[in-house]
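Heads up: the structure comes next, in C-alpha cells.
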Amino acid sequence: MSHFEIAEIAGILNGELYLSSNPPEKYISQIVTDSRTFFRGGNALFFALVGLRNNGHDYIPELIGKGIDIFVVSEKQWVSGEASFILVEDTTEALQKLAAFNRSKYKYPVIGITGSNGKTIVKEWLHDLLTEYFKIVRSPKSYNSQVGVPLSVLLMNKNFNLGIFEAGISMPGEMQELERIIKPGIGIFTNIGDAHQENFGSLPQKIQEKLKLFKSAKKLVFQVDDELCEKEIGKFCKNNSIAPVSWTLYNKEALLSFSIKKQENNTLINVGVKQESYSFEIPFADLSSIKNACHCFACIWALTGSPETCLHRFAKLETIAMRLEIKQGINNCLLINDYYNSDLNSLAIALSVLQQQAAKSHLRKTVILSDIRQTGIPRHELYGEVNRLLAGWGIDGLVGIGPEITGRSGIFSMEKIFYPTLYDFEKSFKKEHFRDAVVLIKGAREFTFEKISALLQQKTHQTVFEIDLNALAHNLNEFRKLLKHGTKVMVMVKAFSYGTGDVEIAKMLQYQDVDYLAVAVADEGVRLRDAGIQIPIVVMNSEEHSFQNFIDYHLEPNIYSLELLHAFSKAVSQNALEGFPVHLKIDTGMNRLGFKTGGEIRSVISKIKSSGLLRIKSVSSHLAGSDDPLLDYFTMGQISSFQKTCAAISKELACPFDRHILNSAGIERFTNHQFEMVRLGIGLYGISQTGLPLENVGTLKSTVSQVKTVSKKETIGYNRGGKIRQESKIAVVPLGYADGMDRKLGNKNGSAFINGERVPIIGNICMDMLMLDVTGIEVKPGDEVEFFGPNISVVEVAKKAGTIPYEILTGISQRVKRIYLQE
C-alpha cells in the first residue's frame, strides 16, 4: 500500500487524533482488521471494526502487547496514553474512506468484476494472461466484501500499472460503497445465480444491485445469451453511457461472437470482433471454464484493443485452487498447500493460517517458498520484505527454491537452505529433514510445488474427505445470527467432529472464538490439549478411570449421577484442589444420562456446598425431539421442567452458572429459550431444520480406477447383484463399506456425480470398492467422482441409506484421508 503518516490518515478520515506520550514517527505500511491475522511487526494500523458478534475494540489490549501502537476506534473509552488513536464515528466507513482516497491517487486502468460465480477465476486468469505486459495489483484470494474490497484497493501503489478487483454483495445497498472504492474503468459481469438470493426480492433486482459497481465505467463486458442479463445490462449501459462489450456463444447479436470445438481435454475457441478474427485454445472442456475464458478475452480486447499478443497464454491457463489445503504429512508434519500463486499479499494470508495451525503447539514453523512473481517491487527490496514477513510470523526455517530467492539468500535471518530449481530440491530430499513441523508450501504455479506436497504427504488411497473450513465458519456465523448478544456457544467436536477431524476443526473453532468445545470421552479432550487447544473443554461422558486426565489436562466433567459426583470429588481432593469446574446434566425426558429426581439434585447441591471442592459452571439438559414439530408439546414440557430445576439450583447456590438445553435444531426452532449458552452440533456441518443458508462442509470423493465394457448377458459384483439390460460401461472406484459407504446404497439405490452427470451405483458395494454404471458418458481412469458434497447432499444419501446424516458423517473410516480447505 501507499505509505501514509498518522496525521495524514487522521485528516483523510476526518478523525480526532490522540497521540501517545511517545508518538510514532513513521509511515503506516500495514492495515490490520483482524487481531488473529497479526502476529508481530511494525508500521501497522489497526481498525477496530464492529460487527454483529465481534467488536474489534475488545482486542486492543492484546494488540498493544503484540506491538501495534496506532488504532482507529469509534469508542472513545478505549483512548489512552498507551498508544495513539484516531477517533471516528464508524470504523468500517473509515476503512472504506481511506481505501477510496488511496484509489483516487492512481490513474492507471482498473478492472472491476462482479457476478454470482467465477469472479475469482476470471481475476486470476486475467492476471496470468496479462502478467507479461502489466504490473498488476489484484484482490488477494477472494477479498470481495465490504472489508475485503478496501483492504484490496489499499494495496494500490505507484509500482503497479493495472488493478483487477472483484466485488461481491449479499444484500441490497452494499454495492454503492464498493463502487466508490474501486471506481472501475472496465467492468466484467460474469453471470447471475441463486447465491444470497434470500436477501433479494428477485433476480432482476439482484442484477440491478450488482450493476451499481459499474455506474462510472467506460466499458462493460457481459454475455448476452442469458435473456435476463441481456435485458438488464443493456438497459444499464444505455442509461449510463457505457460502451457494451457484449459477447455470445450461440450466435446472438453481440459485439464478439465465439464458436467452440470441444476435444477430450481442451477446447478450440474462435472469435470474431469488428471484422477481425482470432483463435486460441484452453486446456479445459467444461462450459464454465469456456465462459470464463471468453470473459477474459473480451476484457483483454476492451483493455488493449490487440489481444493477439496474449493468445498463446490461454493454452497455459491452469485450474485455480480457490482455497489452500491442509493435510497430514510424514513424520508428524502438517502440510499447508498454497501453491497456485506467489505474491506478498497471499504469502501474508498463508502465514496467518500457518500460525493458526501451529498456535500453542510444539511444532516448528517451516516455509517452502519459490521466487515471488509479478510484484512491481525491486528485487532486493522485495525479498527484504519477505524476510520481514517470515521473521514477523516467527518462522523457524525457510526452504527457498528458485534462482531469484537463492541469489538473495543472505537477506534471510532464519535457519535456511536454498535450491536453484525444484529438481535440485528433489535430488537432495530426505524424509528425516521434515519432522514435527507445520509446513507451508507456497509457490508460483510454474514451480509445480504439488510435487513437493506429494513427497511430504502421508500416502493414502485415492478416496478423500474434503472439509471446507470456510463453510464451517460460515455455518457457525449463521447460527450466531440467531443468538442474543452475549449468548455463549458450545460446539460439539465429539466422534472426530462428526467424522470431519478433531484437531483441525477444534483449531478453527478456537480461531473463531467459540466459548466451549464438547467431546464424548476424556481421550478426545487430551488429544485436543496436546494439539494446543486452550479453550474450555467439556467431557460429556465422564468415566472414573479418566479422572486424573481431567485434572492434568484441565478438562471439565459432565456430572450426571451421585456416584460420579462422589468419585470425582474424591479425585479432586486427592489432588489438593478446590473449586474445580463441573457441569451438571439434568434428565428432563430423554431418559439417557442425567439427574432425574429432585431428591438427587438436592443431594448434589448439598455435596457441592459442603465440600467446596467443585464449582458448577453450567447446568444442561437434552431435548429429545427438537427437530420434530409433532413433538413440540413435549419439547416445551422439557424446557419448562429445565427452567424450574435450574431455578431451584440457583436458589441454593451463591455462584451463578450457565444454562443450556438447545441443540442445533433447538437453536433454530426455539430461539427464545437459548438461556446463557447453546450447543451447536450437526448444524455446524451444514444440516438445517428451517432452511438456514448453510454451506456444504464435507465432500466425499474418489477417482476411477478402471473402466470396462460389460455385455448384457453379464452381471456386476457379489451375488451377481448388478443386473444390466444392454451392453454397459462400468467404472470401478476404490471406495467401499470399509471406508464408510453404506451397503444399502448399492444396486442403483445410491448414486455418484462424475463429469457433470449423476450415475447409479450398480451391484453390491464391496469392502474396498464399488462399481458405477457410466454408460453413455465419457469416463476414464483418474476421473474424479463425488459421492456426497455440492452436487449430492449428505441428507439425500442418509435418506437413501435409511438413516440420518450423523451416521453417514461419523461412519467415514479413519483410513479415508481428510483434506482441509481454507481461504
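The table for this structure:
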item	result
Among the candidates GLU668, GLU676, GLU714, GLU695, residue that is over 32 Å from the mean Cα position of the chain (by Cα), on the phi < 0 side of the Ramachandran plot and among the acidic types (Asp, Glu)	GLU714
Check on ILE535, within 25 Å of GLY666 (Cα to Cα) and touching a residue at least 24 places away in the same chain (Cβ under 8 Å)	yes
Selection within region 122-148 - closer than 15 Å to LYS316 by Cβ, in contact with a helix residue (DSSP H, G or I) (Cβ under 9 Å, 6 or more places away or on another chain) and part of a helix (DSSP H, G or I)	TRP125, LEU126, ASP128, LEU129, LEU130
Qualifying residue in region 168-185 (condition: outside any helix (DSSP H, G or I), modelled with pLDDT of 95 or more and in contact with a Lys or Arg (Cβ under 7 Å, 6 or more places away or on another chain))	yes
So LYS596, is it at pLDDT 90 or above and either farther than 15 Å from SER546 by Cα or not β-branched (Val, Ile, Thr) (or both)	no
Residue in region 201-214 that is touching a residue at least 24 places away in the same chain (Cβ under 8 Å) and not in a helix (DSSP H, G or I) present	no
Subset of region 158-173 (residues that are open to solvent by 10 Å² or more (accessible area, probe 1.4 Å) and over 13 Å from LEU211 (Cβ atoms))	LYS158, ASN159, PHE160, ASN161, GLY168, SER170, MET171, GLY173
Residue in region 84-142 that is surrounded by the most Cβ atoms within 10 Å (Cβ to Cβ), counting only those that are farther than 20 Å from TRP301 by Cα and acidic (Asp, Glu)	GLU93
Scan of region 23-65 for residues that are modelled with pLDDT of 85 or more, small (Gly, Ala, Ser) and open to solvent by 30 Å² or more (accessible area, probe 1.4 Å), ordered by number	GLY65
Check on PRO536, modelled with pLDDT of 95 or more and either over 30 Å from GLY499 (Cα atoms) or open to solvent by less than 10 Å² (accessible area, probe 1.4 Å) (or both)	no
Flag for LYS494 being under 22 Å from GLU695 (Cα atoms) and charged (D, E, K, R)	yes
Output for region 174-189, where each listed residue is open to solvent by less than 10 Å² (accessible area, probe 1.4 Å) and either aromatic (Phe, Trp, Tyr) or out of contact with any strand residue (DSSP E or B) (no Cβ under 6 Å at 6 or more places or on another chain) (or both)	MET175, LEU178, GLU179, ILE181, PHE189
Filter pass, SER259 being outside any loop (DSSP other than H, G, I, E, B), of a type in the set (Gly, Ala, Ser) and farther than 26 Å from VAL110 by Cβ	yes
Residue check, TYR718 surrounded by fewer than 17 Cβ atoms within 10 Å (Cβ to Cβ) and either touching an Asp or Glu at 6+ places or on another chain (Cβ under 8 Å) or hydroxyl-bearing (Ser, Thr, Tyr) (or both)	yes
Residue in region 491-514 that is open to solvent by 30 Å² or more (accessible area, probe 1.4 Å), closer than 30 Å to ALA437 by Cβ and free of Cβ contacts under 8 Å to residues at least 24 places away in the same chain present	no
Wholly enclosed strands (runs of 3 or more DSSP E) of region 310-416 bearing at least 3 residues modelled with pLDDT under 90 and either open to solvent by 10 Å² or more (accessible area, probe 1.4 Å) or of a type in the set (Gly, Ala, Ser) (or both)	324-328
Cross-chain or 6+ apart pairs with Cβ under 7 Å, region 306-331 first and farther than 22 Å from GLY118 by Cα, then part of a helix (DSSP H, G or I)	ILE326/GLN357; ILE326/GLU504; GLY329/LEU456; ILE330/LYS431; ILE330/LEU456; ASN331/LYS431
Number of the condition not met by ALA647 [criteria: (1) open to solvent by 20 Å² or more (accessible area, probe 1.4 Å); (2) without any contact (Cβ under 8 Å) to a residue 24 or more places away in the chain; (3) assigned to a loop (DSSP other than H, G, I, E, B)]	(3)
Scope region 786-800; condition farther than 24 Å from ARG725 by Cα and either in contact with a His (Cβ under 7 Å, 6 or more places away or on another chain) or not acidic (Asp, Glu) (or both); matching residues	PHE787, PHE788, GLY789, PRO790, ASN791, ILE792, SER793, VAL794, VAL795, VAL797, ALA798, LYS799
SER640 more than 23 Å from LEU564 (Cα to Cα), surrounded by fewer than 20 Cβ atoms within 10 Å (Cβ to Cβ) and either polar (S, T, N, Q) or in contact with a strand residue (DSSP E or B) (Cβ under 7 Å, 6 or more places away or on another chain) (or both)	yes
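Every residue, every condition in (1) at pLDDT below 90; (2) part of a loop (DSSP other than H, G, I, E, B); (3) within 24 Å of the chain's Cα centre (by Cα), yes or no:
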residue	(1), (2), (3)
ILE765	no, yes, no
MET771	no, no, no
PRO781	no, yes, no
PRO790	no, yes, yes
THR803	no, yes, no
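The values are calculated or read from the model by the stated rules, or taken from the named source; none is laboratory data. Just so we're clear, the structure is a prediction, and the values are computed from it rather than from any experiment. Because the Cβ atoms are built from the backbone with ideal geometry, glycine has one as well, and the counts that use them run over all protein chains shown. The protein model used for the area step is the full one, side chains on, heavy atoms only, and it has no ligands, DNA or RNA in it. Shrake-Rupley method; radii C 1.70, N 1.55, O 1.52, S 1.80 Å.
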